[in-house]
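The values are calculated or read from the model by the stated rules, or taken from the named source; none is laboratory data. Fair warning: this is a prediction, and the values are worked out from it, not measured in the lab. When we count neighbours, we look across all protein chains shown, and the Cβ atoms used for this are built from the backbone with ideal geometry, even at glycine. Note: areas computed on protein heavy atoms with side chains; ligands, DNA, RNA excluded. Shrake-Rupley method; radii C 1.70, N 1.55, O 1.52, S 1.80 Å.
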Amino acid sequence: MPKIAKLISLAVASALFSWAQTPVPAGTPVQMNVTIGHHYGHVPPTLTKDDLTVTQEYRPLTITGLIPLRNDRTGLELFLLVDNCSSCEPGSKFEELSRFISSQPPTTAVGVAYIRNGRLQLAENPTTDHGRAINALSTPTGNKPSSPFVALADLIRGWPQSTSRRAVLMISNGINPAGTENYQDPSAEAALEAAQRAGVTVYAIYHPSADYLESDPSKLYSGQVELAHVADESGGEAYFVGFGPLPSLAPFLADLSDHLANQYLLEFLATPAEEVGGLEPVRVKSKITDLEVMAPDRVWVPGHSSAPASSTNQERP
């Protein structure tokens, strides 16, 4: 064999051997929506998958894709979920909500639902006719206090899957009257699990009931903690200032719009802990200094026999 041909053959054999020895990334393909957080007036950079790290119990995971949710990928279904208990000075706040709906891109479908006496009541399914969504708004008048998270879980479980990303803006005081101080609220945990399993991002605005000045401050605080817990750990954010009603929703609605305009679909390989699948803890971090990335703290990793959740306890118009 000529010397050059022999060298080429050895090089090819060496490359094939190296390729065979390279471990193939293992894991189950999963997806989650991640959001660029506060960037303080600066235009955020366009991220690539090399700008992020994902770990599962401190083990680095393989990132297979990072898709900006822009242009032809901007589809969004956004539900406004309003607690009828949150009845303190609501009038001007709903004018701000109407303007917020009107300002949404044409690709955003807005739905409206209410929590009345602890039950979910759908007023308008997600629609790109923003006028219809605005017409479905009605100011809360107050009703029997009950956990708002039962209705949130029911909304998520009964929400049909689509190619669009999904988010909820929940307006509530977050209080479960049956909750026990110093213990996690099971209804909040169930709502969070439903959101993480379905890939729904929850945003929450605290708004009190009319009798909040006479309420136990520890209950008000617990409600805010649960709102923040569900929102933050689903990849969203909770907004409140003190125990009273916010002077205006506008700054927080603007912040929410900014979040929704700076989202990505993150694809990576995760390891299921159970044969039937389950929620696995993950941590998403940015390699870019001073850039906040908001993401759920758990992702659903399917097994061989995973089954979708069912919907219960709903009232439809």
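Spin-label pair Ser218-Thr139: with each label point 7 Å from Cα along the Cα-Cβ axis, the two points sit 3.4 nm from one another.
Applying 1/(1 + (r/R0)^6) with r as the Cβ-Cβ distance of Arg119 and Asp50 and R0 = 45 angstrom yields a FRET efficiency of 0.45.
Measuring nothing but protein heavy atoms, the accessible surface of the stretch 76-137 at 1.4 Å probe radius is 45 percent carbon and sulfur.
The simple spin-label model puts a point 7 Å past each Cα toward its Cβ; for Ala198 and Tyr58 those points are separated by 3.5 nm. Distances between placed amide hydrogens fall under 5 Å for Cys85 paired with Asn143, all partners being 5 or more residues away or on another chain. Overall, the stretch 118-237 carries a charge dipole of about 500 debye about its Cα centre when +1 sits on the Cβ of Lys and Arg and -1 on the Cβ of Asp and Glu, all other atoms neutral.
Per residue, the accessible area of the stretch 31-165 comes to 46 Å², computed with a 1.4 Å probe over protein heavy atoms only. The Rg/Rh ratio of the stretch 135-272, with both radii computed over alpha carbons and Rh defined as the Kirkwood radius, is 0.97. Would you work out if the stretch 139-193 is rounded, prolate or oblate? Take a ≥ b ≥ c from the square roots of the eigenvalues of the alpha-carbon gyration tensor; rounded if a/c is under 1.5, else prolate when a/b is larger than b/c, oblate otherwise. Taking the square roots of the gyration eigenvalues as a ≥ b ≥ c, the stretch 139-193 is oblate.
From most to least packed by mean Cβ count within 10 Å, the peptides 250-257, 226-233, 283-290 give 226-233, 250-257, 283-290.
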